[in-house]
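Below is one structure, written out as structure tokens, with a few remarks after it.
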Amino acid sequence: MSTLPIYPFDADRSIGTVIEVLGNIVKVNLPQAAAPGSRWHHGHQLEAGRVGEFVVVESGHTAVFGRITGVRLPERERLSVEEDLGGKPDVHPIGMVSLVASVDLATGKIEPGVPHHPRLGARCFSAHPLLIKWLAESSRFTGDEEAKLLTLATLPFSTDTLIRVAPESLFGRHCAVLGATGGGKSWTLARLVEEVGKHQSKVLLIDPTGEFHTITGDHVTHAHINKDQVAEDRGSVETCVPFTRLQEADLFALFQPAPQSQAPKLRGAIKSLKLLHHSKRIQADPTKYEQTQVDAANGLMKQVGTQPTVQKANVARAPFETASRSLAPLVDGPAATFDIARLADQIQNECCWPTGKGADAHKFGGVHDGDLGYCINLVTRVEQLVASSEFACIFKPAGKKDFLTDVLKPFLDDNQKTTLILSLRELSFSNNIREILVNAIGRYLLIYGRRKNLVNSPLVVVLDEAHQFIGKAIGEEFAKLKLDAFELIAKEGRKYALTICLSTQRPRDIGQGILSQMGAYLVHRLTNPEDRDIVEKAAGELDRSAAAFIPTLAAGQAILIGTDFPIPVTLQMIPPGNPPESSGPKYQEVW
């Protein structure tokens, strides 16, 4: 922007004079700070000395913006405000103003920090709401009245002053919505999703609790994983994520084998079933493969015959070893392409000696009773999980839509649909299944984005309760799965028009490393000092004086911080048209 929307040094908005100048703080005489109430000027409230108020200080050809962080009385006057019938206290309050940004009055250019400090005796003015609005919206496109902006909030002290933000500023470098329970975080997410949905944009909301089912419209698609009759009655589609969409590391995290005795057998069983699967495919259509692969597949299938698994005990090693070498490009890939129903049986088949004795050295040895004993609990666990109804969304996908290929990809290709909401309400918490599936979705999106499929239709992925899915590793130490899909999206996704909006009440569980990748923050009330420290370290634009206001934010209020926003601004978020079901229990009604 080249010009200020209003002259910042209106004499009627003068509230004091600078009496001391420090590095990033000035002290100001605030003679009206002890007045019993606010005054009004041209329809706008003029606090004239309240903590949290934005002010403008003269500094030659520069206007220095600051925020009142404290107000006090001189020590000799501290008792003068006590009630005194018939008397009127004569006090001289002093305010501490934290300086945050400067504006060149000639060019309208905003600079973070203070290149020219005010002088003693400089006047201090209460900042007009339009100036605060101008600062908060300073990243919007200049001269483009048709710019697509997101109407998010108002100013707490001027509720008729709307704050509209360019999506490039909010989502261009990723976004984080942070706040403790009850601070308004869910309503902010719903507002963001609704605003994005008004434009020809794409937003995927991963909803762990199902509270965002209230967001509706022709442009909205709802899906859920695992049977959820309530969601289906509302028009949601039941989906699954078949185990074939997972990787070997995902299965290890799911089955949790013991590292020394069980993990090698599980890995061997998966390899054997992959060899069997690909050998059957090669036999069905040998023209698509090299002759060496066809010969290897035929050799293995001749040995296996009609058996559903690969028997090893006392069986010749050569066909298996030849198939392992020739089919390595097919088998060594990360995809889990095999018959999962036979995995428990194949683990038992792997429990044999590597070779026979004497003349049988060219064969696998007999059954190894020790290995079989060690693997019995793994075999039982695999059988139970594969047969469990809780995991039917992975191991029994027949008759259900594949979320990735049947719902997500068509949504990304559909110009009419802008919002996809995935509910995980009925998805089990056991065996880290939630974390594994969400990480698989993030991995799919990153691969899809790397193929330049999102360039003309950018996607914003909103991840609620992000502390459940990011910044952690699951599984045993030997076979630990790092949930890094969304971390990779945070690091490189914006190059592929793939950005994320994280929402969490526990920033410390996500970690400073991932939060530091966020270019914009909407911070609701945070009372835990560790959470506030993490946010302050991750958001370079948040100084300690602004962070001090975070524990005192009211419900629905948030501080907007970001690389495209010159100063942290406290906003009153506009309630969404369809609020989520995020309220707590109504004890007075149900007890």
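Bear in mind that the values in this text are calculations on the coordinates, not laboratory data. Worth saying up front: this structure is predicted, and the values here are computed from it rather than measured. Cβ placement follows ideal geometry from the backbone for every residue including glycine, while neighbour counts extend to all protein chains displayed.
Based solely on C-alpha atoms, express the radius of gyration and the Dmax of region 505-575 in angstrom.
11.2, 31
Counting pairs of alpha carbon atoms under 8 Å apart in space and at least six apart in sequence, what relative contact order in percent does the chain give?
19 percent.
Tabulate in residue order the Karplus-calculated ³J(HN,Hα) for region 96-102, using 6.51 cos²θ - 1.76 cosθ + 1.60 with θ = phi - 60°, rounded to whole Hz; enter x for Gly and Pro.
Coupling constants for region 96-102: 9, 10, 8, 7, 10, 7, 10 Hz.
May I ask for log10 I(q)/I(0) of region 398-498 at q = 0.10, 0.16, 0.19, 0.21 Å⁻¹, from a Debye sum over the Cα atoms as equal point scatterers with solvent left out?
Log-scaled intensity ratios, in q order: -0.30, -0.77, -1.05, -1.23.
With the contact rule set at Cα under 8 Å and sequence spacing of 6 or more, what percent relative contact order holds for region 296-356?
47
Within 10 Å, count the other beta carbons around each residue, average over each peptide in 333-342, 460-469, and list them highest first.
460-469, 333-342
Would you work out if region 173-266 is rounded, prolate or oblate? Take a ≥ b ≥ c from the square roots of the eigenvalues of the alpha-carbon gyration tensor; rounded if a/c is under 1.5, else prolate when a/b is larger than b/c, oblate otherwise.
Judged from the Cα gyration tensor, region 173-266 comes out prolate (a/c at least 1.5, a/b above b/c).
Determine the relative contact order of region 11-136: mean sequence separation of Cα pairs under 8 Å and six or more apart, normalised by residue count, in whole percent.
Relative contact order, region 11-136: 35 percent.
What residues have an amide H closer than 5 Å to that of CYS352, excluding those fewer than 5 places away on the same chain, when H is modeled at 1.01 Å from N in the peptide plane?
HIS368
Quick one: helix 185-197 against the long Cα principal axis of the chain, what's the angle to the nearest 10°, folded into 0 to 90?
With both axes taken from Cα atoms, the answer is about 80 degrees.
Show that you can apply the helix-only estimate: for the chain, add -39,500 (n - 2.57) for every DSSP H stretch of four or more residues, divide by all residues, and state [θ] at 222 nm to the nearest 500.
The per-residue figure over the chain is -8500 deg cm²/dmol.
What Cys residues in the chain are without a partner cysteine, judged by a Cβ distance under 4.7 Å?
CYS124, CYS351, CYS352, CYS375 - these cysteines have no disulfide-compatible partner (Cβ-Cβ under 4.7 Å) in the chain.
By average Cβ neighbour count within 10 Å, what is the ranking of 306-312, 231-237 from highest down?
The most tightly packed comes first, giving 306-312, 231-237.
Mind checking Rg over Rh on region 11-136, alpha carbons, Kirkwood formula for Rh?
Reported Rg/Rh, Kirkwood definition of Rh: 1.00.
Return the sequence-ordered ³J(HN,Hα) values of region 263-271 in whole Hz as given by the Karplus equation 6.51 cos²θ - 1.76 cosθ + 1.60 applied to θ = phi - 60°, using x for Gly and Pro.
Working through the residues one at a time gives 4, x, 5, 5, 5, x, 5, 5, 5 Hz.
Which of the peptides 91-100, 579-588 is most tightly packed, and how do the rest follow, judged by the mean count of other Cβ atoms within 10 Å per residue?
The packing order, highest mean first, is 91-100, 579-588.
By the gyration tensor of its Cα atoms, with a ≥ b ≥ c the square roots of the eigenvalues, what is the shape of region 248-391: rounded for a/c under 1.5, prolate for a/b over b/c, or oblate?
oblate
Divide the volume of the convex hull of the Cα atoms of region 121-241 by its number of residues and quote the answer in cubic angstrom per residue.
Per residue, the Cα convex hull of region 121-241 comes to 178 Å³.
Based on Cβ point charges of +1 for Lys and Arg and -1 for Asp and Glu, what charge dipole magnitude is obtained for the chain about its Cα centre, in debye rounded to the nearest 20?
That gives a dipole near 1420 debye.
Can you list residues whose amide H is under 5 Å from LYS401's amide H, if they're 5+ apart or on another chain and H is modeled 1.01 Å from N?
HN-HN under 5 Å from LYS401: CYS240.
Please list, in order along region 165-177, the HN-Hα scalar couplings obtained from phi with the Karplus expression 6.51 cos²θ - 1.76 cosθ + 1.60 (θ = phi - 60°), rounded to whole Hz, x for Gly and Pro.
10, 5, x, 4, 6, 7, 10, x, 10, 6, 9, 10, 10
Looking only at Cα atoms, what is the convex hull volume of region 329-374 per residue, in Å³?
Here the figure is 103 Å³ per residue.
Based on the Cα atoms of the chain, what semi-axes does the equivalent ellipsoid have, where each is the square root of 5 times one gyration tensor eigenvalue, given in whole Å with the largest first?
They are 62, 24, 22 Å, listed largest first.
Nearest-5 percent of antiparallel DSSP beta bridges in the chain?
Among the beta bridges of the chain, antiparallel pairing accounts for roughly 65 percent.
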